[in-house]
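Throughout, read-outs are computed from the coordinates displayed, never taken from laboratory work. Source: prediction; values computed, not measured. Because the Cβ atoms are built from the backbone with ideal geometry, glycine has one as well, and the counts that use them run over all protein chains shown.
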Amino acid sequence: LKLYNDLYDELSEKDRSISFEVIEHTEQVIKKAKAGDGKAAYALYKTAWVSCSVGRDPDGDYKYDISRPQHDTAFYKQCIVVTKNLQKNASMWLELAAQAGDIRGIMQYASAMKTINSQKNSNGALNSDEVEYNQKAVSFLNSAANQGVLDAYINLHSVYSSDKYGLQDKPRGHAYLAAMALIDANNPYKALFDESEKQLNAMEKIRAAEL
């Protein structure tokens with residue numbers, strides 16, 4: 001779970017407000033997530049890491065989050081219990097969100113690849129769990145790419161261009177950059193496309209064009 005904790009970005013006020021609603025209606029949100037609601041699953045994942053307090057005052061008392069009155073001790077205790085329970089299954093909530101096609105869930109799931117793959121076996125090879133995770137992440141990213149999400153194309157290019165993920169295929173990675181031009185005529189990543197193309201030999205360029 002430390003993996004996902006490291007990836008956690010501080011919640012915006014809107015996210016925090018949603019998380020407080022999740023805490024008050026946890027069982028209902030869990031039912032929705034397990035029924036395939038990607039937004040619900042992602043809300044559970046984010047809520048798992050919400051801070052129930054923002055520190056302690058000089059007397060040692062909790063300073064409650066600005067979204068809640070300081071005297072609401074019952075809610076604070078409820079928040080602690082709920083978030084701890086959600087953290088136990090944080091990886092599951094994130095995967096459910098990605099499986100359901102939630103773009104935020106997909107991009108968060110894929111961003112964990114670098115962290116996971118920094119923990120290789122002594123011989124430098126990926127273990128079976130890492131391979132499985134990478135394959136799922138690529139599948140989710142393709143789902144996002146099919147929805148026109150440019151960041152998914154960039155991530156897929158990175159995955160296939162690197163030898164870190166056990167999926168290196170430079171022509172395929174280059175093909176994702178080429179596909180971006182069909183989505184965005186301005187092609188903000190033209191410099192990256194040009195650099196990628198330089199890394200390919202003649203045969204690889206032909207294969208990339210065919211993909």
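Output the qualifying pairs, or none if there are none: Cβ atoms under 6 angstrom, residues six or more apart or on different chains, first residue in the stretch 196-211 and at positive phi and loosely packed, with under 13 Cβ neighbours inside 10 Å, second residue assigned to a helix (DSSP H, G or I) and among the aliphatic types (A, V, I, L, M).
Listed by first residue and then by second, the contacts come to nothing, as the list is empty.
Condition (residue is touching a Gly at 6+ places or on another chain (Cβ under 7 Å) and closer than 24 Å to GLU95 by Cβ) applied to the stretch 162-172: is it met by at least one residue? Full working, then the answer.
Restricting attention to the stretch 162-172, the residues satisfying the condition of being touching a Gly at 6+ places or on another chain (Cβ under 7 Å) are none.
No, there is no match, as no residue in the stretch 162-172 is touching a Gly at 6+ places or on another chain (Cβ under 7 Å) and closer than 24 Å to GLU95 by Cβ.
Please go through the stretch 89-103 and pick out each residue that is in a helix (DSSP H, G or I) and surrounded by 18 or more Cβ atoms within 10 Å (Cβ to Cβ).
Here is the first cut: in the stretch 89-103, the residues in a helix (DSSP H, G or I) are 90-99, 103.
Within the stretch 89-103, ALA90, TRP93, LEU94, GLU95, LEU96, ALA97, ALA98, GLN99, ILE103 qualify.
Output the residues belonging to the stretch 155-174 that are free of Cβ contacts under 8 Å to residues at least 40 places away in the same chain, closer than 17 Å to ILE206 by Cβ and in a helix (DSSP H, G or I). If you could, list the steps in order and put the result at the bottom.
Restricting attention to the stretch 155-174, the residues satisfying the condition of being free of Cβ contacts under 8 Å to residues at least 40 places away in the same chain are 156-158, 160-163, 167-170, 172-174.
Narrowing the set further to residues that are closer than 17 Å to ILE206 by Cβ leaves 160, 169-170, 172-174.
The answer is TYR160, LYS170, ARG172, GLY173, HIS174.
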